[in-house]
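The values are calculated or read from the model by the stated rules, or taken from the named source; none is laboratory data. Here the structure is a predicted model, which is why all the values come from computation and not from measurement. Positions of Cβ are generated from backbone atoms using ideal geometry, with glycine treated the same way; all protein chains shown enter the neighbour counts.
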Amino acid sequence: MSDKKLPNLPLDSDDAAEKELWTALGKIDAGEPSANLRRGFYRKLEDVNRPTAMTKLRSLLGFSGNTGWLTAAACLLVGLGVGQLFEKTSGDDIGRLAALEQNVSVLNRTLILDRLDNDSAGKRLRGIIDAAYFAADDAEITRALLQRATEDRVHSVRAAAIDALGPQLGTPSIGRTIMESIQQAESPLVQLALVDLVLRNGNKLQISRLLELAEDGKLYPDLSRHVLTSLKRNTA
């Protein structure tokens, strides 16, 4: 390699024309971007984050994760089985089709439960997203979600599990556990998720208890104000 010392850009150069160029560039007024340019920039950002038609279709069909693709493959197999049934609808064929559907259900369920118990917080979060669709019909998945909501060491995972349990808040055992967890929450993020869960899905008794906790100062101060403001607005 040559020992020749390279100039430090942009100014350490013996070239008069280059110095003149950088001096002229330094005098240019950068100014503020116009309102149209600013709006266009944020519109582009929104377009990037907005799901495409194919993404929406994949989500609708359940193809957004591994569980969805597993289901899709299983559905293909089921479809092939149905096609065969049109040709030959014997009792053995119907039995095999029922067994195939059962295997698909077991595989989906096993995958979700494994993710909910995974060492990786990201995998547990993926499991929570998938479990939300099955919790209403599967007591074991609901219990696993509740465990994530009350015991997970990662606060964001706990908050996601709490949100996924929303429709199950009316179940006595779940409602009781959630209400007990509100006052015990050590993280504002977790307590916020619990509070919003009750505000959105709670019954009159749960709402009344939440209001009592807020008035007694047993929530984080900002959350107490949030509860009081939300409930007063709804009753106004």
Residue identified as among the small types (Gly, Ala, Ser), over 27 Å from Leu113 (Cβ atoms) and in a helix (DSSP H, G or I) among Ser224, Ser156, Ser181, Ser173 | Ser224
Among residues belonging to the stretch 131-148 that are buried (at least 20 other Cβ atoms within 10 Å of the Cβ) and within 18 Å of Asp119 (Cβ to Cβ), point out the one that is modelled with the lowest pLDDT.
-> Ala131
Looking at the stretch 114-130, which of its residues are surrounded by fewer than 12 Cβ atoms within 10 Å (Cβ to Cβ) and small (Gly, Ala, Ser)?
-> Ser120, Gly122
Which listed residue, of Leu228, Leu219, Leu199, Leu194, is surrounded by 14 or more Cβ atoms within 10 Å (Cβ to Cβ), touching a residue at least 24 places away in the same chain (Cβ under 8 Å), out of contact with any Ser or Thr (no Cβ under 7 Å at 6 or more places or on another chain) and among the hydrophobic types (A, V, I, L, M, F, W, C) = Leu219
Report yes if Leu205 is among the aliphatic types (A, V, I, L, M) and either touching a residue at least 60 places away in the same chain (Cβ under 8 Å) or in contact with a Gly (Cβ under 6 Å, 6 or more places away or on another chain) (or both), otherwise no.
-> no
Residue by residue through the stretch 159-170, note down the ones that are assigned to a helix (DSSP H, G or I) and surrounded by 14 or more Cβ atoms within 10 Å (Cβ to Cβ).
-> Ala159, Ala160, Ala161, Ile162, Asp163, Ala164, Gly166, Gln168
